[in-house]
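Here is the structure we will look at.
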């Protein structure tokens, strides 16, 4: 697909060249400014920050609906808590690799893990701190230090908390706005439950929340239970949510972890049961980040710029008066009345009365992805109508007397068009895995896998066979889909019949 003349005139790269298109769009649309003198720490511009806050609002609504309570923990964590987390994670990783229960190993055996990823604070002014601190990379250690003080009895459970904060990780790979950064706008929910069963109910609720949020953002996702080797060592299992990007690679935008009682034992989080005995809680976490905005940009944008889902568009409707030599005051007055009416309906609307050509205004709002553009000129005013242009390409004329209903109808149409386009892209980028033959440590695949696609297959093989496939293809196992096949299919490796659906992809 070649660039449109308008896109070429404005210097917008074709979206087919995603590596160039993406950074150009996020800056030209004024989401962030990357010129801050620390790599990987972008400055949020007003338009981008408001978009992110609107995504946060959707998350807040889901948290309120599901009876989570918001907290706000300190940014700094003392180094002994990191050491405690490192020992726990190393222990669990070692136990998993050895195939034994973690209780059979000593907590003090080894401590390694996250120290290289955190930003350390070792001085206050010129004073060396007795106890170094670090900026939170996530908040398990901080929160789980407090949970034993908050949880005493079964009546205190479930404890369902969340916060939206900035986290910090020293990212050594190439940074990319929203996708791979060093200061991360981060949502994290942490819950505690009376037993494994109740924690599992929480996982299912989290996946319902994911479904609602992704529907609001108008894109389909892959939801998979990560393979053991790609599960966070501190978790019993991990379920990850991935978006298929324009280049066919996948981007993980969220994850849910079931911890069982592993962290509770390390942090001594107990409760008194109804029978009077002491039991360890079972815990879960659910995390998302600004990658949601990166995925929105990538999924919906085109060669003209962004296309914002109405649910998170800072400006849902822009009103542009088309002025002439006569009657300009009347047109501006009518445009102002349109803005007033839409604002009264809590529609996010802006009047663009800048003294520049209408075409320039169209370009500016197209690149920012405003879902609807209302044009009001002399002919429209005479016929008591207005012209409505969707960012997705369609244009219709409506009566001013039916302004609110027609605008809401048009926003719904934009939503549906975005969903259809995103689903089309999603489905076009999933292929069936070609035939595989594995004999011992030798593997042969019928055809080479193509970059730009996600592959699916029925799979009942073991970890060693999965590793052979990864090494041969360069594609990673995303894991087992939470939506299995409706009927059994023959595993490409073992020949056994299974409903397990496995996805493989190249990832960000």
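The values are calculated or read from the model by the stated rules, or taken from the named source; none is laboratory data. Remember, it's a predicted structure, so these values are computed and weren't measured experimentally. Cβ atoms come from the backbone with ideal geometry, glycine included; neighbour counts cover every protein chain shown.
Considering region 358-380, the residues that are surrounded by fewer than 20 Cβ atoms within 10 Å (Cβ to Cβ) and touching a residue at least 40 places away in the same chain (Cβ under 8 Å) include one that is farthest from residue 307 (Cα to Cα), namely 378.
I need a count of the residues in region 52-79 that are surrounded by 12 or more Cβ atoms within 10 Å (Cβ to Cβ) and part of a loop (DSSP other than H, G, I, E, B). The qualifying residues number 5.
Pairing each residue of region 49-64 that is more than 12 Å from residue 213 (Cβ to Cβ) with any residue that is part of a helix (DSSP H, G or I), provided the two are 6+ apart or on different chains, yields C-beta distances under 9 Å for 51/293; 51/296; 52/292; 52/293.
Only residues that are surrounded by 15 or more Cβ atoms within 10 Å (Cβ to Cβ) and farther than 29 Å from residue 203 by Cα were counted in region 466-508, giving 7.
Just to be sure, is residue 430 in contact with a helix residue (DSSP H, G or I) (Cβ under 8 Å, 6 or more places away or on another chain) and under 30 Å from residue 472 (Cα atoms)? So residue 430 fails the test. Of the numbered criteria (1) at pLDDT 95 or above; (2) out of contact with any helix residue (DSSP H, G or I) (no Cβ under 9 Å at 6 or more places or on another chain); (3) assigned to a loop (DSSP other than H, G, I, E, B), the one residue 167 fails is (3).
Scan region 230-240 and tell me whether some residue there is out of contact with any helix residue (DSSP H, G or I) (no Cβ under 7 Å at 6 or more places or on another chain), modelled with pLDDT of 95 or more, surrounded by fewer than 21 Cβ atoms within 10 Å (Cβ to Cβ) and not in a strand (DSSP E or B). No, region 230-240 contains no residue that is out of contact with any helix residue (DSSP H, G or I) (no Cβ under 7 Å at 6 or more places or on another chain), modelled with pLDDT of 95 or more, surrounded by fewer than 21 Cβ atoms within 10 Å (Cβ to Cβ) and not in a strand (DSSP E or B). Answer yes or no: is there a residue in region 33-46 that is within 29 Å of residue 204 (Cα to Cα) and either at pLDDT 95 or above or more than 21 Å from the chain's Cα centre (by Cα) (or both). Looking for residues that are within 29 Å of residue 204 (Cα to Cα) and either at pLDDT 95 or above or more than 21 Å from the chain's Cα centre (by Cα) (or both), one finds none in region 33-46, hence no. Within region 440-449, none of the residues are closer than 30 Å to residue 300 by Cβ and surrounded by fewer than 11 Cβ atoms within 10 Å (Cβ to Cβ).
The rows are residues; the columns are (1) buried (at least 21 other Cβ atoms within 10 Å of the Cβ); (2) under 17 Å from residue 232 (Cβ atoms); (3) outside the structural domain of residue 270 (by TED's automatic domain parsing); (4) within 18 Å of the chain's Cα centre (by Cα).
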| site | (1), (2), (3), (4) |
| --- | --- |
| 140 | yes, yes, no, no |
| 145 | no, no, no, no |
| 148 | no, no, no, no |
| 156 | no, no, no, no |
| 166 | no, no, no, yes |
| 177 | yes, no, no, yes |
| 198 | no, no, no, no |
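Only a single criterion out of (1) more than 26 Å from residue 21 (Cβ to Cβ); (2) touching a residue at least 60 places away in the same chain (Cβ under 8 Å); (3) crowded, with 23+ Cβ neighbours inside 10 Å is not satisfied by residue 268, namely (3).
Yes or no, residue by residue, for (1) assigned by TED's automatic domain parsing to the domain that holds residue 145; (2) modelled with pLDDT of 95 or more; (3) touching a helix residue (DSSP H, G or I) at 6+ places or on another chain (Cβ under 6 Å); (4) farther than 26 Å from residue 296 by Cα:
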position: 57; (1), (2), (3), (4): yes, yes, no, no
position: 60; (1), (2), (3), (4): yes, yes, no, no
position: 71; (1), (2), (3), (4): yes, yes, no, yes
position: 96; (1), (2), (3), (4): no, no, no, yes
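Just one of (1) touching a residue at least 12 places away in the same chain (Cβ under 8 Å); (2) within 25 Å of residue 91 (Cα to Cα) fails for residue 197. It is (1). Scanning region 330-347 for residues that are in contact with a helix residue (DSSP H, G or I) (Cβ under 9 Å, 6 or more places away or on another chain) and crowded, with 18+ Cβ neighbours inside 10 Å, we see that the one that is nearest to residue 411 (Cα to Cα) is 347.
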